[in-house]
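Peer 1: Below: one structure in structure tokens.
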Amino acid sequence: MHSKTAFISNRIDFYQNLIKERQSALYDADLFDHVEANRKLIYQSYYKLFIVDFDTPFLAVPPWLREQSHHEYYYLFIFLTEKPITAELQQLVGNRLFRVINPKLALHELPEIMEEANRLIREHRYPQENNLNVNSVVSGGLLGFHPAIRSINNYIEIISKARFAPCLIRGETGTGKNLCARLIHKSGGLDESQFYEINCENRTTNDLLREFFGEDNHPDGQRIGLFEKYAGGTLVLKNIEKLPREVQDKLLLVMEDHVYRPLDSNRVVESRIRLIGTTKHNLEWFVKQQNFNSGLYYYLNAFEIHLPPLRERKEDIELFAHYYMQSFSYLYAKKITSFSPSAMNVLKDYKWPGNIRELKDVIERAVFTSTSEQITNKSFPETLSYKIETSSDEEHFGNCSIREIEKIHIKQVLMNTNGNKSRAASILDISRTTLREKMRQYGLN
């Protein structure tokens with residue numbers, strides 16, 4: 001008797017002969033497409049065998065599968081795909097992955113493979129090996145094919161092996177500094193509960209000292225500091241350039257001696273912790289110009305990672321776009337499978353000042369608002385195409401007349417004010433009458 005099986009595929013018709021055959025193990029399987037699997041929450045049922053067909057390159061892990069991986073009962077996976085699968089997925093399913101096979105071969109070999117899997121299920125045994133003869137499409141590190149990202153992923157592995165080695169991570173807003181810090185922590189085999197991030201911006205010296213080192217004589221009782229609470233783990237200092245000088249000095253002493261006293265206390269606390277600083281600035285400039293503690297800078301800079309902006313790694317834009325399209329399609333239970341060529345060109349041509357974070361937000365909006373299986377330009381904010389046009393114009397300012405530059409500037413101000421002429425005139429420092437006349441001259445009405 002076959003175990004309860006869930007078959008998840010967006011191309012059920014491709015396997016219809018196996019499904020209709022009464023002697024086939026798929027005959028009694030529960031059938032879902034990927035959207036239904038998320039919408040119907042199949043992880044709330046106790047299936048012993050999951051057969052998952054990937055008809056597109058598999059980048060994002062669907063919510064149902066991620067939730068299923070937390071269940072402790074016995075079950076196995078069979079993946080049907082021509083494409084490599086991610087290291088994240090391999091790690092998530094672990095020894096429950098029985099086999100990965102080509103969908104075309106599955107038409108002939110799947111019944112025999114399922115019988116073999118069901119035998120293990122009856123015996124309640126996991127496979128000795130998962131026969132996974134594919135390489136990950138993306139490593140377990142940062143997403144991307146750019147050489148700098150590959151180097152950073154290798155560097156993360158090196159840093160993670162040095163248990164308490166500090167690190168300084170630099171990069172523009174939205175480039176993934178927090179994710180990079182988490183990967184260093186995770187690659188060292190540490191639990192998520194041992195990771196903590198604190199923003200140094202707009203914090204007073206006393207508040208930070210209390211938060212870092214605790215206070216034994218607080219009116220509400222003893223307050224355990226972060227260095228004690230997360231000892232053995234990782235503490236990330238976001239916007240480290242904003243750290244008050246007195247706190248910088250104290251931090252350096254603690255990182256060198258590994259002991260400290262909580263505020264207003266004689267109790268000695270011993271703590272070893274990995275300290276990671278993140279900043280969008282060149283911290284060396286703050287050492288020279290803003291009195292940042294040079295000792296702390298050199299301590300952190302022993303291992304430095306610089307994350308390049310998205311505009312410098314354009315070959316990764318399509319990869320990120322598909323990753324977030326797939327991820328948000330799962331999240332919102334949408335059947336979205338592709339981008340139109342013009343939509344992808346818009347994504348590739350845009351400068352992405354907000355980097356990966358901005359791209360993620362744009363794709364989420366596109367998936368949520370899309371009414372078809374393909375994302376088109378209509379799914380993007382109107383300003384996206386306009387900003388591309390503006391950026392292109394700006395590159396040729398050196399060849400423009402003053403009149404042409406003025407037209408571009410007025411057009412941009414009007415766009416930024418959503419067509420509000422009073423606000424635009426105020427920004428341009430001209431009267432509304434003058435603005436209307438210039439709009440008429442430049443055909444901006």
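Peer 1: I want to check the label-to-label distance for Arg163 and Tyr298. Put each point 7 Å from Cα in the C-beta direction and report it in nm to one decimal.
Peer 2: Calculated label separation equals 2.6 nm.
Peer 1: Taking a ≥ b ≥ c as the square roots of the eigenvalues of the Cα gyration tensor of the chain, is the shape rounded (a/c under 1.5), prolate (a/b larger than b/c) or oblate? Could the numbers behind the result be given before it?
Peer 2: Details: a/c = 2.45, a/b = 1.18, b/c = 2.09.
Because a/c hits 1.5 or more and a/b fails to exceed b/c, the chain counts as oblate.
Peer 1: Measure of size requested: the Rg and Dmax of region 5-123, with Cα atoms as the atom set and Å as the unit; please supply both.
Peer 2: My reading of the Cα-based Rg and Dmax gives 13.2, 36 Å.
Peer 1: Further, regarding this structure: Excluding residues on the same chain fewer than 8 positions from Lys407, give the lysines whose Cα lies under 28 Å from its Cα.
Peer 2: Lys348, Lys351, Lys378, Lys387, Lys421, Lys438
Peer 1: Still on this model: Would you mind computing, in nm to one decimal, how far apart the modelled labels at Ser422 and Glu382 are, each placed 7 Å from Cα along Cα→Cβ?
Peer 2: 2.1
Peer 1: Could I ask something else about it? How much length, in nm to one decimal, is gained on full extension between Asp191 and His281, taken as 0.36 nm per residue of separation minus their Cα-Cα distance?
Peer 2: Length gained, Asp191 through His281: 29.4 nm.
Peer 1: For Asp349 and Val268, FRET efficiency with R0 = 56 Å and r from the beta-carbon atoms, rounded to 0.05?
Peer 2: After rounding, the FRET efficiency stands at 0.40.
Peer 1: Among Arg203, Arg403, what is the fewest-to-most ranking by other Cβ atoms within 10 Å?
Peer 2: By the 10 Å Cβ count, ascending, the order reads Arg403, Arg203.
Peer 1: For Leu120 paired with Gln290, estimate the spin-label separation in nm (one decimal), with each label point 7 Å from Cα along the Cα-to-Cβ line.
Peer 2: Between Leu120 and Gln290, the label points sit 5.4 nm apart.
Peer 1: Right, another one. With the convex hull built on the Cα atoms of region 299-341, state its orientation-averaged projected area in nm².
Peer 2: 5.0
Peer 1: If R₀ is 60 angstrom, what is the calculated FRET efficiency for the pair Asp220 and Asn17, using the beta carbon separation as r and rounding to 0.05?
Peer 2: 0.30
Peer 1: While we're here: Full extension from Asn102 to Phe145: what is 0.36 nm times the residue separation minus their Cα-Cα distance, to one decimal in nm?
Peer 2: Numbers: separation 43, 0.36 × 43 = 15.48 nm, distance 2.48 nm.
13.0 nm is the gain from fully extending Asn102 to Phe145.
Peer 1: Where does region 147-307 land on the Kirkwood hydrodynamic radius, alpha-carbon pairs, in angstrom?
Peer 2: Working: mean 1/r = 0.0622 Å⁻¹.
One over the average 1/r among Cα pairs gives 16.1 Å for region 147-307.
Peer 1: May I pose another question? Order of Tyr196, Tyr297, Tyr73 from fewest to most other C-beta atoms within 10 Å?
Peer 2: The fewest-first ordering by Cβ neighbours comes to Tyr73, Tyr196, Tyr297.
Peer 1: So what is the orientation-averaged projected area of region 396-442, using the convex hull of its C-alpha atoms, in nm²? List each step's numbers first, then the result.
Peer 2: Details: hull surface 12.8 nm².
Taking a quarter of the hull surface, the average projection is 3.2 nm².
Peer 1: Counting pairs of alpha carbon atoms under 8 Å apart in space and at least six apart in sequence, what relative contact order in percent does the chain give?
Peer 2: Answer for the chain is 13 percent.
Peer 1: Further question on the same structure: Per the Kirkwood treatment, what hydrodynamic radius in Å, one decimal, follows for region 311-389 from the mean inverse distance over all distinct Cα pairs? Walk me through the intermediate numbers first.
Peer 2: On the way: mean 1/r = 0.0810 Å⁻¹.
For region 311-389, inverting the mean 1/r across all distinct Cα pairs yields 12.3 Å.
Peer 1: Now for a separate question. Taking amide H atoms as placed 1.01 Å from N in the peptide plane, list the residues 5 or more away in sequence, or in a different chain, whose amide H sits under 5 Å from that of Leu97.
Peer 2: Here Phe77 satisfy the definition.
Values in this text are rule-based calculations from the coordinates and carry no lab data. Remember, it's a predicted structure, so these values are computed and weren't measured experimentally. Backbone-built Cβ (ideal geometry, glycine too); neighbour counts: all protein chains shown.
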